Amino acid sequence: MIGVMMWRNSMRLSALALAMGLAAPAQALTMSEALTAAFNTDPVAAAALAERDAGIEVGVQERATRLPQVNAIGRMTTTDSRVGTTPFGTGYNERYNGWDASVQLRQPLFRYDFLARGRRADAQDQLAEMGFVARSQALMARVAERYLGVLQAQNEMTLAEAEAEAVAKSLGDTQKRYDVQLIAGTDLKEAQARNDLAQAQLLAAKQNVAAARDALDESTGRGHEPLAILSESTALPALTESSPESWLKLARIHSPSLLQAQAQLEVAQANVSSQRSSALPSLDFVASHGRQDDSDSRVGIAGENTAYGIELTVPIFASGANVSRIRQAQASLRSATAERDRASRELTRETQRLVRDVQTAQAQANAYARAAESAAAAEQATRYGYEAGKRTIVDVLNAQSSTVQARRTLDQSRYGVLLKTLQLKQQAGILTPQDIAAIDTLLSPAN
């Protein structure tokens, strides 16, 4: 199981690497450094730690119900007394001060749900830890998605800039040909329209880069620094396990969502036992020691007393409340059972889907790479035809757009392979900072 200690150790290593990087000359921000920054600054990370700590205390409180309880009680009083008659004569009035103090120890000896309370405490610990793991992995996936989102947006902006430059160059060439009456005016208007469209697309691409960097900055506080890039020649890694059954086996063991649903079921089972025990006898050992001083009174006393023994409590009638609470707990148990089954089925479906998504993305990346090469070759051939007078400027512009679209689709598919692989590991519950570091090895420093 991927536990909290593994996460914290991983983050310590990431923090050490970040500190070493800060001591060196400024370089591109790696994904691991972005993750470390997010863990240190993102409010979601702080909330995850706080919620885990709060959840752990629920288990501590549950175990405390089986341990001794010690209470001290103190009291000071002022008494105004009026006695009408006494065996020895007339009555009297008096006002006096008194005090008493005691310490009581109570140790539960028998509760029907003693074992159930222990199981519930363990389940609460499991809930707290799995909740932390789930939120931590969600943070990793979000940082990776936003980091890759910036890289993809930058690539699209680069393509938009190249397309705008190429279209502007074609517009200039078309204008010259029109000036010497080699082409019709419709070709010039088409080139001008494509130029306007390319400029609009470039503005949109720049806006997308700014939005992507703002999203990364929200999580890390370092979203506007230079980032490492994914080179076109970098080979993308294949899945270590290709069969959905292998991933399902991992997910059923490590998935935080399924483990949380199982822990909730165990809590519900323990609650049924606890509610049943509320209608059954309980046995406690009780010991007390106290001192009382009312000696200021004419008939007051001062002394100490110690008492200890076994206390048996037998519930007799609670107006049906106990039976109602048992029925409520049983209904909650049925709900938790159904929720566990739903989580299991959803885990199976989502895991199988993500395995297929990764495999499809890998196949698409290879196909889009060949399509990009073909589009580039077709564009070159169209340019040769245009220069020979066999093609129109519209043909050239269409070929340019096809090449840019092929490259854009290729970039999207390559980033999709990386992101979907991380999402698959998150779904299986095995995503760690080491997986983020593995992606860093595929990235190159930005120029």
(request) Starting from the Cα of Lys189, draw a straight line to each of the lysines and keep only those under 25 Å, dropping any in the same chain fewer than 8 residues away. (result) Lys169, Lys176, Lys390
(request) Could you grab the relative contact order for the stretch 300-443? Cα pairs under 8 Å, six or more apart, rounded to a whole percent. (result) 27
(request) Give a residue-ordered list of calculated ³J(HN,Hα) values for the stretch 278-293 (Karplus: 6.51 cos²θ - 1.76 cosθ + 1.60, θ = phi - 60°; whole Hz; x for Gly, Pro). (result) 5, 9, 10, x, 10, 10, 10, 9, 10, 9, 8, 9, x, 9, 10, 9
(message) Considering all alpha-carbon pairs of the stretch 99-210, what whole percent are spaced by more than 20 angstrom?
(response) 71
(request) Mind putting a number on the dipole of the stretch 130-270 about its Cα centre? Charges go on the C-beta only, +1 for Lys and Arg and -1 for Asp and Glu, and I need it in Debye to the nearest 20. (result) 260
(message) Taking the number of other C-beta atoms within 10 Å as the exposure measure, put Ser413, Ser297 in order starting with the fewest.
(response) Ser297, Ser413
(message) I want to verify a result. In a Gaussian network model of the chain, Cα cutoff 10 Å, which of these has the top mean-square fluctuation: Thr360, Thr78, Thr432?
(response) Thr78
(message) Test of understanding: ordering Glu129, Glu241 by Cβ neighbours within 10 Å, fewest first, what list do you get?
(response) Glu241, Glu129
(request) Name the residues whose placed amide hydrogens come within less than 5 Å of the amide hydrogen of Ala302, ignoring near sequence neighbours (fewer than 5 apart) on the same chain. (result) Asp294
(message) Tell me the relative contact order for the chain as a rounded percent, counting alpha carbon contacts under 8 Å between residues six or more apart.
(response) 25
(request) Taking the Cβ of Thr360 as the centre, find all other residues whose Cβ is under 14 Å away and add up their charges (Lys, Arg: +1; Asp, Glu: -1). (result) +3
(request) Would you list the membrane-span-like helices of the chain, meaning whole DSSP H runs whose alpha-carbon atoms span at least 27 Å along their axis and whose mean Kyte-Doolittle value is at least 0.0? (result) 4-23, 43-64
(request) Quick one: order Arg213, Arg370, Arg63 by neighbouring beta-carbon count within 10 Å, fewest to most. (result) Arg370, Arg63, Arg213
(message) Per DSSP helix of 4 or more residues, -39500 (n - 2.57); summed, then divided by the residues of the chain. What does that give at 222 nm, rounded to the nearest 500?
(response) -24000 deg cm²/dmol
(message) Net charge around Ile326, counting only other residues with Cβ within less than 15 Å of its Cβ (Lys, Arg = +1; Asp, Glu = -1)?
(response) +3
(message) Can you return the lysines within cross-link range of Lys249? Criterion is Cα-Cα under 24 Å, with same-chain partners fewer than 8 residues away left out.
(response) Lys420, Lys425
(message) Could you compute how fast the stretch 203-306 diffuses translationally, taking Rh as the Kirkwood radius over C-alpha pairs and applying Stokes-Einstein at 37 °C with viscosity 0.692 mPa s? Give it in µm² per second.
(response) 141
(message) Of the candidates Ala72, Ala378, Ala47, which one comes out as most mobile in a Gaussian network treatment of the chain with C-alpha springs shorter than 10 Å?
(response) Ala72
(request) Would you mind computing Rg(Cα) / (2.2 N^0.38 Å) for the chain, counting N as its residues? (result) 1.66
(message) Using amide H atoms built in the peptide plane, which far-off residues or other-chain residues are under 5 Å from Ile229 H to H?
(response) Ser444, Ala446
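Every read-out reported here was derived from the displayed coordinates using simple, explicitly stated rules and does not represent laboratory data. What you see is a predicted model; the values in this text were computed from it and never measured. Here Cβ is always computed from backbone atoms with ideal geometry, including for glycine, and neighbour counts include all displayed protein chains.
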